[in-house]
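One structure below.
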Amino acid sequence: MRKTTRKRSVQRSKKRTPLTWGSLIGAILLAGLGYFSPQLLPESASPFKNTPSPVHTQVNSALTVHFIDVGQADAILIQSGEEAMMIDAGNNADAKLVTDYLQQQGVTHLKYAIGTHAHEDHIGSLDAVLYSFDVDTVMLPKRTLESKSYKDVIQAIETTQTALIHPQPGDTFSLGEDQFVVLGPLSEDYSEVNNSSLVLRYVHGQTSILFTGDMQAKSEKDILDSYAPVQADILKAPHHGSDTSSTQAFLEAVNPQDVIISVGLNNDYRLPSEDVLKRYEKLGFSVYRTDQLGTILIESDGVHYTIHN
């Protein structure tokens, strides 16, 4: 168990490059190209321009975040005071594991059930959650998938008559005393379904967590280019620690103290990537993995937080 009391800063050295006429002209040309690039939004056009900066307010309730060990999948239960929500729900085969776990935590009602994207390892048992618990609202990205798992979730939403919304970047929601803001996806047209993942920044007092689904490098860059408030104390590793994600620029912007990787033991994908783990280590992040620790808990009183299994 480790208690975190303050944010640490990462010092990075910068190499000085001699200035020449050639480099000066090149810099001007690159700046011009960047100015006209459609990939980078002017700050005035950012969906977050009217999103208030998170304020570290005093909270009276406790926060517990459960990264449930569902093997090579994601399933996260968040409990804040008397309210609870889910982010993803594991594979189809995890239905009993996930619903039993929620029942063991005393959950009978979920304010939100969120499927970050349409892949089975994230929404596979979301239908079982809907049939087993009273859920106010389901959140899904607009990107769909022609798969049985996705169709099962839509059928469960219709059968249980649960409200379905497709949140947009900049949308803010509450859970207990806490708030979370949607940072992505910033496009509905990504060729890779993983990039359509809902990305959420969750704040409990002075504790902040970035939930990333399976977002990859393209989505990471788009979110950085949108001036989204990505900095967080804790990062849920994108895409199970794959080298498709966790780019250097993104990690430096988030600058977490701790990283949680939801990943299966001896999985076929050889995740997490050794290169990504080295990147985390070089930046000074502490890493916690479900394949090594089982279910991982984060507990916060709004000032300090602990991570343990």
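Side notes on the structure shown:
- For the stretch 198-213, the criterion of being open to solvent by 20 Å² or more (accessible area, probe 1.4 Å), in a loop (DSSP other than H, G, I, E, B) and in contact with a His (Cβ under 6 Å, 6 or more places away or on another chain) is met by at least one residue.
- Test: residue in the stretch 271-280 that is part of a loop (DSSP other than H, G, I, E, B), open to solvent by 40 Å² or more (accessible area, probe 1.4 Å) and not acidic (Asp, Glu): no
- Condition check for residue 232: assigned to a loop (DSSP other than H, G, I, E, B), closer than 25 Å to residue 83 by Cα, among the small types (Gly, Ala, Ser) and in contact with a strand residue (DSSP E or B) (Cβ under 7 Å, 6 or more places away or on another chain): yes
- Top-ranked residue of the stretch 91-132 - restricted to ones that are of a type in the set (Gly, Ala, Ser), part of a loop (DSSP other than H, G, I, E, B) and touching a Leu at 6+ places or on another chain (Cβ under 7 Å), ranked as nearest to residue 63 (Cα to Cα): 115
- Search result, residues across the stretch 238-249 that are farther than 17 Å from residue 117 by Cα and surrounded by 21 or more Cβ atoms within 10 Å (Cβ to Cβ): 246
- Among the residues listed as 62, 73, the single one being touching an Asp or Glu at 6+ places or on another chain (Cβ under 7 Å), hydrophobic (A, V, I, L, M, F, W, C) and surrounded by 24 or more Cβ atoms within 10 Å (Cβ to Cβ): 73
- When residue 189 is tested against the conditions (1) charged (D, E, K, R); (2) open to solvent by 30 Å² or more (accessible area, probe 1.4 Å); (3) modelled with pLDDT of 95 or more, the lone failure is (3).
- Pairing residues of the stretch 281-306 that are farther than 29 Å from residue 248 by Cβ and touching a residue at least 60 places away in the same chain (Cβ under 8 Å) with residues that are outside any strand (DSSP E or B) and among the small types (Gly, Ala, Ser), at Cβ distances under 7 Å and at least 6 apart in sequence or on separate chains, gives 299/62; 301/62; 302/205; 303/205.
- Positions within the stretch 146-176 being surrounded by 19 or more Cβ atoms within 10 Å (Cβ to Cβ) and assigned to a loop (DSSP other than H, G, I, E, B), in sequence order: 167, 169, 176
- Every residue from the stretch 218-241 that is closer than 26 Å to residue 90 by Cα and of a type in the set (D, E, K, R): 218, 220, 233, 236
- Residue match in the stretch 107-117 (condition: farther than 24 Å from residue 235 by Cβ, surrounded by 15 or more Cβ atoms within 10 Å (Cβ to Cβ) and at pLDDT 95 or above): yes
The values are calculated or read from the model by the stated rules, or taken from the named source; none is laboratory data. Keep in mind that this is a model prediction, so the values were computed, not measured. Methodologically, a virtual Cβ is constructed for each residue, glycine included, from the backbone with ideal geometry; neighbour enumeration extends over all protein chains shown. With ligands, DNA and RNA removed, areas are computed over all heavy atoms of the protein, side chains included. Shrake-Rupley method; radii C 1.70, N 1.55, O 1.52, S 1.80 Å.
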